[in-house]
Amino acid sequence: MRKWARAKSSTWTWTRFYASVEQRDDPELRGKPVIVAWKGNRSVVCAASYEARAFGVRSAMPAVRAQRLCPDGIFLPPDFPRYRAVSKNVHEIFKRHTALIEPLSLDEAYLDVTENKTGLPTATLVARTIREQIRQELNLTASAGVAPNKFLAKLASDWRKPDGLFVIQPEEVDAFLLPLPVGRLPGVGKVTEEKLAKLGIKNVSELRRLDLPMLEHEFGRYGVRLHGLARGVDESKVVPDRPTQSISVEDTFEQDVPLSETEPMIRRLAEKLWSAARKESRIARTVVLKLKTSQFKILTRSHTPDSPPSSCEELTDIALKLRQRVDLGPQQRYRLVGVGLSNFRELEGTTAQPVLFE
């Protein structure tokens with residue numbers, strides 16, 4: 001077995017997942033423009049079929065815009081329990097090949113196939129086998145990227161969407177990486193990209209010419225990360241069952257509302273969040289309230305009490321009190337509210353444990 005083949009990461013995306021499941025389960029939808037989204041002024045597109053994407057419809061697009069672009073689009077409300085069940089089936093196929101699976105979302109995951117269970121000689125063969133099993137057993141398509149590390153595998157998985165396989169072998173890393181615009185690197189958002197542009201850096205090849213001290217001076221700790229990414233270096237491991245860092249729920253109002261009218265929504269979201277928190281094996285100490293103004297400005301307020309919330313009522317009370325720390329005036333309107341829990345800790349020694357998990 002070639003050495004490089006034993007140290008491969010794979011990133012998997014089951015293409016247009018929500019729309020694909022809808023078309024698979026209802027033959028009458030096949031070949032038609034399916035848009036998974038709630039209809040309404042505030043809804044966004046969760047997924048779009050090939051046929052809808054041909055009209056320019058994309059995920060995260062406002063549903064009203066999608067409807068304008070694709071007037072004959074078939075809008076279907078998301079069915080997340082069904083999608084989770086199908087995602088679980090995909091993961092069962094993964095488990096035949098490796099125990100090192102790190103989920104990113106319902107439709108994406110990292111796999112480490114350094115020591116695959118089936119004894120296939122290369123990571124590329126593992127990827128081909130998994131894709132074929134997903135196609136035959138679940139009647140779904142999946143895109144895969146295979147590379148020496150997670151960072152490169154993620155880039156590779158996006159290269160041949162939809163329903164493709166792209167492999168970056170070690171000797172091909174520079175040829176693939178150096179021409180890329182810096183915006184393709186993880187963590188390089190609009191602000192960082194603009195800052196790099198001011199330094200005359202537009203692609204990875206130019207970024208590689210900057211030495212580590214300069215990158216640290218300009219970008220702090222992230223400069224170290226940029227230095228490694230420009231060289232195709234990523235030491236992060238595929239971590240199965242990564243501990244929960246935070247959970248949250250949010251919803252958008254049909255019409256913008258003043259802060260005084262957000263209480264009913266906060267109460268409903270707190271109940272939903274509490275139900276989700278009870279399924280966690282660890283306990284959260286910090287409560288977070290999120291608000292988005294009608295101008296799309298996002299506000300967050302958080303509080304870490306002496307002991308974690310021990311009931312839904314206590315969680316709700318904290319969230320409502322956080323609202324009192326928002327002061328943009330009575331004329332301000334809000335389009336979205338969210339409630340979250342973060343700062344998760346192990347249960348040992350936590351006084352609220354018996355109440356939370358009884």
Evaluate the following for SER10: is it assigned to a strand (DSSP E or B) and either within 22 Å of the chain's Cα centre (by Cα) or within 25 Å of ALA127 (Cα to Cα) (or both)? yes
When you go through (1) modelled with pLDDT under 90; (2) in contact with a Leu (Cβ under 7 Å, 6 or more places away or on another chain) one by one for ASP112, which number turns out not to apply? (1)
In this structure, is SER59 touching a residue at least 60 places away in the same chain (Cβ under 8 Å) and surrounded by 14 or more Cβ atoms within 10 Å (Cβ to Cβ)? no
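Within the range 276-290, track down each residue that is touching a residue at least 24 places away in the same chain (Cβ under 8 Å) and either out of contact with any Gly (no Cβ under 9 Å at 6 or more places or on another chain) or over 23 Å from ARG323 (Cα atoms) (or both).
The initial filter retains those residues of the range 276-290 that are touching a residue at least 24 places away in the same chain (Cβ under 8 Å), namely 276-278, 280-290.
Selection gives ALA276, ALA277, ARG278, GLU280, SER281, ARG282, ILE283, ARG285.
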Return a yes/no flag: does the range 76-84 have any residue that is in contact with a helix residue (DSSP H, G or I) (Cβ under 7 Å, 6 or more places away or on another chain), in a strand (DSSP E or B) and either more than 19 Å from ASP158 (Cα to Cα) or charged (D, E, K, R) (or both). yes
Which condition number in (1) charged (D, E, K, R); (2) in contact (Cβ under 8 Å) with a residue 60 or more places away in the chain; (3) within 23 Å of SER43 (Cα to Cα) is the one that GLU271 fails? (2)
Output for Cβ contacts, cut-off 6 Å, separation at least six or different chains, first residue in the same structural domain as ASP256 (by TED's automatic domain parsing) and under 18 Å from ARG282 (Cα atoms) in the range 296-321, second of a type in the set (A, V, I, L, M, F, W, C) and surrounded by fewer than 17 Cβ atoms within 10 Å (Cβ to Cβ), reads SER310/VAL355
Selected residue (criterion: nearest to SER248 (Cα to Cα)) from residues of the range 291-322 that are among the charged types (D, E, K, R) and crowded, with 18+ Cβ neighbours inside 10 Å: LYS292
Do we find that GLU263 is outside the structural domain of LEU111 (by TED's automatic domain parsing), out of contact with any strand residue (DSSP E or B) (no Cβ under 8 Å at 6 or more places or on another chain) and either closer than 24 Å to PHE296 by Cα or modelled with pLDDT of 95 or more (or both) in this structure? yes
Flagged pairs (Cβ under 7 angstrom, 6 or more apart or on separate chains; first in the range 186-214, closer than 18 Å to ARG231 by Cβ; second of a type in the set (Phe, Trp, Tyr) and not in a loop (DSSP other than H, G, I, E, B)) are PRO186/PHE151; GLY187/TYR222
Scan the range 217-224 and tell me whether some residue there is modelled with pLDDT of 95 or more, under 27 Å from PRO330 (Cβ atoms) and in contact with an Asp or Glu (Cβ under 7 Å, 6 or more places away or on another chain). no
Could you tell me whether VAL173 is crowded, with 20+ Cβ neighbours inside 10 Å and either over 19 Å from GLY232 (Cβ atoms) or modelled with pLDDT of 95 or more (or both)? no
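For the range 227-242, indicate whether the set of residues that are over 20 Å from ARG184 (Cα atoms) and exposed (fewer than 12 other Cβ atoms within 10 Å of the Cβ) is non-empty. Walk me through it before giving the result.
Residues of the range 227-242 over 20 Å from ARG184 (Cα atoms): 237-242.
The next check asks that each one be exposed (fewer than 12 other Cβ atoms within 10 Å of the Cβ); those that pass are 241-242.
Yes, there is a match, as at least one residue in the range 227-242 is over 20 Å from ARG184 (Cα atoms) and exposed (fewer than 12 other Cβ atoms within 10 Å of the Cβ).
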Lone unmet requirement of (1) aliphatic (A, V, I, L, M); (2) in a helix (DSSP H, G or I); (3) within 22 Å of the chain's Cα centre (by Cα); (4) closer than 20 Å to LEU322 by Cβ for ILE266: (3)
Go through (1) in contact with a helix residue (DSSP H, G or I) (Cβ under 9 Å, 6 or more places away or on another chain); (2) outside any loop (DSSP other than H, G, I, E, B); (3) surrounded by fewer than 17 Cβ atoms within 10 Å (Cβ to Cβ) for VAL288 and report which single condition fails. (3)
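From THR114, THR98, THR118, grab the single residue that is over 17 Å from THR141 (Cα atoms), in a loop (DSSP other than H, G, I, E, B), β-branched (Val, Ile, Thr) and in contact with a His (Cβ under 7 Å, 6 or more places away or on another chain). Reasoning before the result, please.
Values: THR114 fails: in contact with a His (Cβ under 7 Å, 6 or more places away or on another chain); THR98 fails: in contact with a His (Cβ under 7 Å, 6 or more places away or on another chain).
Just one listed residue meets the conditions, THR118.
The values are calculated or read from the model by the stated rules, or taken from the named source; none is laboratory data. Quantities reported herein were computed from a predicted structural model and do not represent experimental measurements. Glycine also receives a Cβ, built like all others from the backbone with ideal geometry; neighbour counts cover every protein chain displayed.
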